[in-house]
Amino acid sequence: MSARARAGGRAGSAKRPRAWSRVDFPSDRLRAWVRVALSAGILALLVWRLGDDALRAGLAALGPGPVVAALGIGAATTVCGAGRWVVVARGLGLRLPFRAAVADYYRALLLNSVLPTGVLGDVHRAFRHGRRVGATGRAARAVLLERLAGQVVLVGAALPVLALAAPTVAAVVHRAEPSGAAAAAVLAGAAVIVGGALVWAVVGGHGRRLARVGAELGREVRAVASAPAVWLGALGLSAVALAGYLVLFVVAARAAGVAAPVAVLMPALVVALMAMSIPVGFGGWGPRESAAAAGFAAVGLDAAQGFGAAVAYGLLALVSTLPGAVVLLADRLRHRRSAKPGGRFAGGKVGDRTTADDQPIRR
C-alpha cells in the first residue's frame, strides 16, 4: 500500500468531533429554510388578514426610550439567566465562572434570535462549556435543566393568569360572532402552537433524541431535586427573568400604541411568551405574533394591536441581545491573535481554533 493510501486511511479513520452548531447539508439546511419560510408565511398571513398598520406600529417602536429600556431590561434578564445556569451547572459538579457564563449567555441569546429554531445558541454554549470542562453530555444536560427551570416558572405563572382571565375569554366567545380578522388570528395561533409542537417533536426526530438521554437526565434531575439551594435558586432567578420579559413586552406594547391596562394585557403576553418557547420558525417570529394576536382577540382587544405589540417586542428583544455581538467580535479577535505566528496559542496545529479557555480542566 502506498504512503498516500495509508495516509488517506488514517485520515478517514480519525473522525473529527461534530460541532453542534454546524449545519449538515442538505437536510439541516433544508429544515432551516423551511423554518424561515414558515415564519415569513405566518407574518405574511397576519399582515394580509390584520393589515399593515399594526406592522408599521411595531416597527416604529424602535425609539430611543424603548431601545434604552430594552438594553437595561435585557442586561437584568441575561444576568438572571446566566446565574441560573451557574447554579444548575455547579449543582451537577461542573465548574462555570459567572463572568464566562454571562458572556456565553449573551452570545447564545443573540444566536437564538438570528438563527432558525431559536435554540442553536443554547446548543453552542452547552458544547462550548462541555469542551472546557471535559464533560459535554453533562454540560448539555445542565443547559437543558436550566432552560427547563425557566419553562416550569413560565407555565406556573401562566396557569393562574389564564385562570383569572377565563371569565373574560368566555364572555368574548359568547358575544356576537367575531370578525374575520380576529377569527383568523385565533385559528392561526392555535395552528402554529399545535402544529409547531408536532413538527418539532415528530418530523425533527427530537422526541427520539430526548428519549435516548432520558435516563441520564433523570439522574441529573434527581440530583438537582435533592439540593434545595440549587432548585430554589434556579426557580427564583427564573421568576425574576420572567418578570423582566413581561416588563419588556409591556414596554413594547406601549411603544406600539396599545393603551389597555396591564392586567388586561397579561394573559395575552403570557400566551405569546409560551408560543415563543416552541423551537419552530426563525428567532420566535411567527408563533409569537400569531399567539399575541389570538390572545388579544380572546380578551376582547384588537387582534391587530396584539400583532403590532408582538412585532415591537421581537425587535426590542433583538436589541437586548446586541451585547452578544460584542462577545462574538471579541471571540473573533482572540482567534485571530491565536492564529498569528508566535502568538499566545501558536503551538497548536495549523487551523486549530481551540483557545486556552476551551481546554478541559485537569482534575
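Report yes if VAL262 is without any contact (Cβ under 8 Å) to a residue 24 or more places away in the chain, closer than 23 Å to ALA166 by Cα and touching a helix residue (DSSP H, G or I) at 6+ places or on another chain (Cβ under 7 Å), otherwise no.
Values: without any contact (Cβ under 8 Å) to a residue 24 or more places away in the chain: yes; closer than 23 Å to ALA166 by Cα: yes; touching a helix residue (DSSP H, G or I) at 6+ places or on another chain (Cβ under 7 Å): yes.
Against the criterion (without any contact (Cβ under 8 Å) to a residue 24 or more places away in the chain, closer than 23 Å to ALA166 by Cα and touching a helix residue (DSSP H, G or I) at 6+ places or on another chain (Cβ under 7 Å)), VAL262 qualifies.
Checking each residue in the stretch 90-103 for being in contact (Cβ under 8 Å) with a residue 60 or more places away in the chain and either buried (at least 19 other Cβ atoms within 10 Å of the Cβ) or closer than 17 Å to ALA330 by Cβ (or both) picks out GLY91, LEU92, ALA100, ALA103.
Within the stretch 153-176, is there a residue that is modelled with pLDDT under 90, part of a helix (DSSP H, G or I) and of a type in the set (D, E, K, R)? The answer is no; no qualifying residue exists.
Taking the listed residues VAL152, VAL87, VAL79, the one that is among the aliphatic types (A, V, I, L, M) and surrounded by fewer than 19 Cβ atoms within 10 Å (Cβ to Cβ) is VAL152, with no other qualifying. Please indicate, with yes or no, whether at least one residue in the stretch 108-130 is part of a helix (DSSP H, G or I), of a type outside the set (D, E, K, R) and more than 19 Å from the chain's Cα centre (by Cα). Yes, the conditions are met somewhere in the stretch 108-130. Only residues that are surrounded by fewer than 24 Cβ atoms within 10 Å (Cβ to Cβ) and at pLDDT below 90 were counted across the stretch 286-318, and they come to 4.
Here are ALA309, ALA297: which of them is part of a helix (DSSP H, G or I) and either among the polar types (S, T, N, Q) or under 20 Å from GLY63 (Cα atoms) (or both)? Sole residue among the options that is part of a helix (DSSP H, G or I) and either among the polar types (S, T, N, Q) or under 20 Å from GLY63 (Cα atoms) (or both): ALA309.
The values are calculated or read from the model by the stated rules, or taken from the named source; none is laboratory data. Quick caveat, the model's predicted, so the values are computed rather than measured. With ideal geometry, Cβ positions are generated from the backbone for all residues, glycine too; neighbour counts draw on all protein chains shown.
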